[in-house]
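See below for the structure under consideration.
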Amino acid sequence: MKRLAKQQVFKDPLYGFIHVDYELIKKLIDCSLFQRLRRIRQLSGVQMVFHGAEHSRFSHSLGVYEIANRFLSVPDIDQALNEREKLIFLAAALLHDIGHGAYSHAFEDIFGVNHEKIGAALILENKELRSILDTIDSTFAEDISSVLQKKKKFPLIEQLISSQLDVDRLDYLERDAYFTGAAYGHIDVDRLIRVLYIKNGQVVFKVTGIHAIENYLIARYHMYWQVYYHPVSRAHEVVLEKIYRRVRDLLLEDFEFNTNVTPLKTIIENPNQLDAYIEIDDYYINGLIASFTKSSDQILKTLANDFMNRKLWGYLNDIPENQEKISEIKAKFSVLERPYYTSHRTVKNSTYMDDGEGFGDKIYIVLENGKISTLKDQSKIIESLMLSGTKTDPKFFYRKR
């Protein structure tokens with residue numbers, strides 16, 4: 001667990017500086033697998049609405065690491081973790097998105113892969129990454145992988161990495177708000193860190209920090225509906241999903257492509273083929289789609305041109321009153337076209353839910369008398385929003401003629 005002779009810093013628009021003290025962290029940042037995250041955009045189709053959202057999974061991952069580093073300044077966390085566990089926490093925060101594919105979640109849905117499982121496997125099997133982690137000890141990589149897979153070997157670290165209020169969410173909400181220009185996602189990270197304690201291995205927050213937690217949850221809710229689930233962004237991502245689907249179907253038909261689709265073909269045949277998976281980033285997909293604009297397959301060519309030229313699809317609320325109109329739109333497409341030019345998509349989000357039984361599914365509050373309560377029981381605002389703050393938005397998307 002060697003420390004650098006001199007602290008290294010990365011200039012960051014949110015935190016001023018991101019601080020690196022351990023040689024291990026520097027080597028992880030410099031490795032090719034982590035550098036690949038520079039080539040994967042954080043927000044996929046959101047950039048079609050908020051043009052400033054050009055930031056990458058790389059910058060987000062550095063931000064999550066920095067918040068984890070700041071969490072270690074909390075006396076209770078400092079005392080609860082030994083030095084090796086602190087390094088597991090920092091490395092897991094840095095590597096939590098290491099398995100993300102091109103354009104994030106759209107790729108996963110069509111090709112049947114899971115970035116968390118892929119990430120856990122890469123930590124164990126990628127030779128370069130594994131050789132760096134093995135400099136700590138022979139089981140260090142397994143321990144980080146177990147954190148990402150939530151195996152409960154390190155329950156406190158798992159909660160800090162992935163829970164209702166964790167280092168991942170604290171960075172992406174603030175970072176996404178900054179780069180989209182949205183006013184909804186700003187949260188008081190410093191305050192949340194100051195009111196954080198550990199009681200019986202459980203993360204709890206001081207009762208005086210409830211207002212900061214309320215603000216965080218409401219900001220998260222608004223970011224989902226105003227940014228992440230923006231219908232124009234969703235329409236653009238539907239086009240990408242349809243391109244993936246058409247490519248997959250053509251590969252299964254042995255269609256002759258005019259470009260290199262070998263990585264995609266390999267993933268279809270074996271979703272666990274890690275070498276092929278890491279070849280697929282936004283740069284690769286963008287190059288493919290550009291080549292598809294000259295494809296001999298008319299459907300693929302049309303979809304690729306829509307994607308490259310921001311030809312946005314139309315959408316209707318997928319509700320009973322619109323079913324006749326939706327049927328009319330579908331009837332305008334041939335049987336072959338319909339699966340690629342129309343789509344039903346539903347998204348759902350709640351301000352806060354605490355009915356899960358998993359570790360970290362509830363936000364706990366420590367009262368002045370030392371007793372532990374839940375956020376729901378201590379915040380009338382959150383209790384009210386739990387009853388009314390769940391929203392579902394079904395949409396029908398279609399290609400305009």
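Residues are listed down the side, and each one gets a yes or a no for (1) closer than 23 Å to LYS376 by Cβ; (2) in a strand (DSSP E or B); (3) modelled with pLDDT of 95 or more; (4) of a type in the set (Asp, Glu):
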| residue | (1), (2), (3), (4) |
| --- | --- |
| ARG175 | no, no, yes, no |
| ALA182 | no, no, no, no |
| VAL204 | yes, yes, yes, no |
| GLY209 | yes, no, yes, no |
| ALA212 | yes, no, yes, no |
| ARG220 | yes, no, no, no |
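For segment 127-146, name all the residues that are farther than 19 Å from LYS26 by Cβ and either of a type in the set (Asp, Glu) or not in a helix (DSSP H, G or I) (or both).
Selection gives SER138, THR139, GLU142, ASP143.
Does any residue of segment 293-310 turn out to be among the hydrophobic types (A, V, I, L, M, F, W, C), within 29 Å of the chain's Cα centre (by Cα) and part of a strand (DSSP E or B)?
No, the conditions are met nowhere in segment 293-310.
Could you run through segment 64-82 and say how many residues are more than 18 Å from GLN202 (Cα to Cα) and of a type in the set (S, T, N, Q)?
Qualifying residue count, segment 64-82: 1.
Can you tell me which of (1) under 21 Å from the mean Cα position of the chain (by Cα); (2) among the hydroxyl-bearing types (Ser, Thr, Tyr); (3) at pLDDT 95 or above is the one SER162 doesn't meet?
(3)
Out of ARG130, ARG84, I need the residue that is touching a residue at least 60 places away in the same chain (Cβ under 8 Å), basic (Lys, Arg) and surrounded by fewer than 22 Cβ atoms within 10 Å (Cβ to Cβ). Which one?
That would be ARG84, the only listed residue that is touching a residue at least 60 places away in the same chain (Cβ under 8 Å), basic (Lys, Arg) and surrounded by fewer than 22 Cβ atoms within 10 Å (Cβ to Cβ).
Looking only at segment 297-340, filter to residues that are among the β-branched types (Val, Ile, Thr) and touching an Asp or Glu at 6+ places or on another chain (Cβ under 8 Å); which one of those is surrounded by the fewest Cβ atoms within 10 Å (Cβ to Cβ)? Walk me through how you get there before you give the answer.
Pass one, segment 297-340, residues among the β-branched types (Val, Ile, Thr): 299, 302, 319, 326, 329, 335.
Subsequent filtering for residues that are touching an Asp or Glu at 6+ places or on another chain (Cβ under 8 Å) retains 299, 326.
Working: ILE299: 19, ILE326: 17.
Taking the candidates together, the pick is ILE326.
Which ones in segment 38-57 are in a helix (DSSP H, G or I) and surrounded by 23 or more Cβ atoms within 10 Å (Cβ to Cβ)?
GLY45, VAL46, ARG57
Consider only pairs whose beta carbons are under 9 Å apart and that are at least six residues apart or on different chains; among these, list those whose first residue lies in segment 239-256 and is within 19 Å of GLY45 (Cβ to Cβ) and whose second residue is at pLDDT 95 or above and hydroxyl-bearing (Ser, Thr, Tyr).
So the pair list comes out as GLU241/SER343; LYS242/TYR340; LYS242/TYR341; LYS242/SER343; ILE243/TYR340; ARG245/TYR340; ARG246/TYR340.
The values are calculated or read from the model by the stated rules, or taken from the named source; none is laboratory data. Just so you know, these numbers come straight off a predicted model, no measurement behind them. No Cβ is skipped: glycine too gets one built from the backbone with ideal geometry, and neighbour counts run over all protein chains shown.
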